[in-house]
Amino acid sequence: MEAARAAAGTPVATRRRQRPGQAAPEAGAEDKQARSPQRRRRRRLQRRMEEEQGEAVFREVVSFTPDPLPVRYYDKDTTQPISFYLSSLEELLAWTPSMEDGFNVALGPPVHRQPPLRSQRPRTLLCHDMKGGYLDDRFIQGSAVQSPYSFYHWQYIDIFVYFSHHLVTIPPVGWTNAAHRHGVCMLGTFITEWNEGGKLCEAFLAGDARSYQAVADQLVRIAQVFRFDGWLINIENSLSLAAVGNMPPFLRYLTTQLHQQVPGGLVLWYDSVVQSGQLKWQDELNEHNRVFFDACDGFFTNYNWQEGHLVRMLAQAGGRRADVYVGVDVFARGSVVGGQFNTDKSLELIRKHGFSAALFAPGWVYECLEKEDFFQNQDKFWSLLERYLPTHSICSLPFVTSFCLGLGTRRVCHGQEEAVGPWYHPGAQEMQPLFGEHRLGGDSRGWVKTHCCLADAWSGGSSLLIRGAIPPEVGDVAVRLFSLQVPLPPKVFLSMVYKLEGPTGVTVALELTTGDASSCHIGGISALNETSTRHSPRPLRVPPTKLARWAGRCGQPLRGGWVQRCYEVSLRGCLLQDLFINFSRPPGSQEEESFVCRLGEIQVVGASSLLTPLAQVQAVTVSCVRWQRAALGLERGPEGLQLSCTLHWSYPLPQAHCFRIHCWAGTGSRSRGRELLGPEKPALLGLAFANQYRVVELAVDATRPGQDGRVEFLVQPVPREGFVVPEAEWGRAVLLYSSPRGSGR
């Protein structure tokens, strides 16, 4: 925000900041309001915005009677923004988008992938049902929780359903962002159950078309606003003849409208009610429920099937076998073919007959087994299914990942520790690789195994741990980490950050495979480092600001023993298919070479994206302020305050990976549970994946009469290309606060 600084001794011009929809006051009205004691009591927080040194300045008078926030959108104790659901038909029909909904809006649609979801290859659906849903994952900006559940085998699945027993289950945005980052479709759930569910269905299905169309329109609108991809429809109660007669038209209308408003949208039907209106699970697609399958995008069967059910379904499904999702209860309840660590038995039969699979509640490995063994059990579960789970490929650049799981025991940024303590933020999960153990063929003893690792990180809370052995008879071993289908531009920049454990002569290299070798021409590969003259390749326009920042760390000494390698590759007519990590034995070695490597980051960035202008964070505002007295015993004592407020700003979201929110405060500040970083750096408050952030219970100093307290908020954009934007280019806003007159403080 540009502003001319006032001359010495000249007051800074001010203007009153209006709330959205608030009319401007008439001339003289402000003076009358200021003279009104009642008005002063109602508006103890007088907010004025000034312009000072290019940053927005907001003024607040401390008050402990804040305007209430909508309870649906905020945690009642802390005012942290939370994901929400709708429990009644009245709530659904009354819902309209609001400013608070912005917290729960995903960054964008799923990234492009191959094969596309609409292909006829059998798919894999994961239905996430855990203890009723909306647990620690409901906190949009993350939470401090020990040993949370995490899903990270995204390359094996195509659709993620967030399931709960509320009428309208809107997926928490952290899950949606993680799914979309991996090219996975995200569905919410519309469910009715028991007698109350029957009454609800009568209310919108037993009448004319306007009733069920109004419900469908709201479901489409919710998916469109929050940027997820559709609905699983689960009717677990009997329906009257009138209601069941309107169910297929409702499904057709919902599916048609969703396809128009949400590209790639899906509506799936769960096997429960039959066309007579009875609640009667069939465990298959048949003549009793085919009418619902014909009206939507897919059919999710119940779980108590045997192979005979699959054989009978072949004729019913016809050319839509991939649209039949055969349900597998991982808890193995009822009469099932296989669940738990025998789930592969069910998958074997499903794939034998060419159907898609729907894995229900694979969080069993977290809920029922020991928490300290969660990662080992999770990897074991998915490795047993691997042969039945075709992977999909990501089809877009830039491709950047730090392997962060969206959780950890500390926060790290480029090798520097920023905060200590447990954290969980599903939306902060980065692109995850293919996990597992890979052995060389024949009699070779060579092997490579990949794990997630919370013990060390380059950025975020975790890295990728790769262990292996190079046998004497071979010179190297390699492991495929990612499957891609990316048409490569003429010039690509590659980067890898890694760390080898212990003394070793093993060398590490990033390998790429390309398709259609006859047309693919690789013109040259050059290393980039601090002495290279190739930071600005000839084809790039000058000055290449983004490129200079991207390559700025290449070859520089890094913290914590990390090493970075950067490369510039010239190509023509190439399709990038796979990313491998290769480990080579040292020259002259004849012994088996074991190695342990931590991979901290991989980047594949097209030169063209580094030529576009860097967007600026603009118009940072401070609103919805709440003050609390700090509890006795906190580090600031009885004179301290706790500040909560909402920041908004403007930035083109398609260019953002996320935003890092920081603050400076008078003599330093820290949020509850975070260590003070010292005066040389602003304190990190958290991450945002939208153009808004809720600051929660930030400890600040109380002020004396006639004295202003000062908090400066900084919004650091993290571009999709992964480079660091310098602090001088962050968005910022200042909050000046003071005690009310006559407060005695």
Open item on the list: Ignoring everything except DSSP H segments at least 4 long, calculate the 222 nm mean residue ellipticity for the chain; use -39,500 (n - 2.57) per segment, divide by total residues, nearest 500.
Closed with: -5000 deg cm²/dmol
Task: Per-residue ³J(HN,Hα) for segment 376-381, Karplus 6.51 cos²θ - 1.76 cosθ + 1.60, θ = phi - 60°, Hz, x for Gly and Pro - done: 5, 5, 4, 5, 5, 4
TODO: Could you sort 156-163, 569-576 so that the peptide with the highest average Cβ count within 10 Å comes first and the rest follow in order?
DONE: 156-163, 569-576
TODO: Using only Cα atoms, locate the centre of segment 210-248 and the centre of segment 95-121, then give the distance between them in Å, rounded to an integer.
DONE: 19
Task: Lys pairs, the chain - Cα-Cα below 30 angstrom, 8 or more residues apart or on other chains - done: 26
Task: At 1.002 mPa s and 20 °C, Stokes D of the chain from Kirkwood alpha-carbon radius, µm² per second - done: 75
Open item on the list: Can you give me the % of accessible surface on segment 351-468 that is carbon or sulfur? Probe 1.4 Å, all protein chains present, nothing else counted.
Closed with: 49
Open item on the list: Suppose the chain between Phe580 and Glu236 were pulled fully straight at 0.36 nm per residue; how much longer would it get relative to their current alpha carbon spacing?
Closed with: 119.2 nm
Task: Nearest-0.05 FRET efficiency for Glu307 and Gln340, computed from C-beta distance (R0 22 Å) - done: 0.70
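Starting from the Cα-Cα distance between Ala509 and Glu729, subtract it from 0.36 nm times their residue separation and give me the gain in nm to one decimal.
75.8 nm
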- [ ] Using DSSP, restrict attention to beta bridges with both residues in the chain and report what percent are antiparallel, rounded to the nearest 5.
- [x] 75
TODO: Provide the FRET efficiency to the nearest 0.05 for the Val474-Arg121 pair, computing r from the beta carbons and using R0 = 25 Å.
DONE: 0.15
TODO: Sort out for me the Cα centre separation of segment 380-443 from segment 281-342, rounded to whole Å.
DONE: 31
Open item on the list: Taking 51 Å as R0, compute the FRET efficiency from the Cβ-Cβ separation of Gln590 and Ser88 and round it to 0.05.
Closed with: 0.10
- [ ] Using 0.36 nm per residue of separation minus the Cα-Cα distance, give me the extension gain between His521 and Glu193 in nm, one decimal.
- [x] 112.1 nm
- [ ] Compute the accessible area per residue over the chain, keeping the other protein chains in place, probe 1.4 Å, unit Å².
- [x] 42
Open item on the list: For the ranges 487-497, 502-512, what's the packing order if you count other beta-carbon atoms within 10 Å of each residue, average per peptide, and put the highest first?
Closed with: 487-497, 502-512
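The values are calculated or read from the model by the stated rules, or taken from the named source; none is laboratory data. All of these numbers come straight from a predicted model, not from anything done at the bench. Neighbour counts run over all protein chains shown; Cβ positions are idealised from the backbone, glycine included. The accessibility values were calculated without ligands, DNA or RNA, using every heavy atom of the protein model including side chains. Shrake-Rupley method; radii C 1.70, N 1.55, O 1.52, S 1.80 Å.
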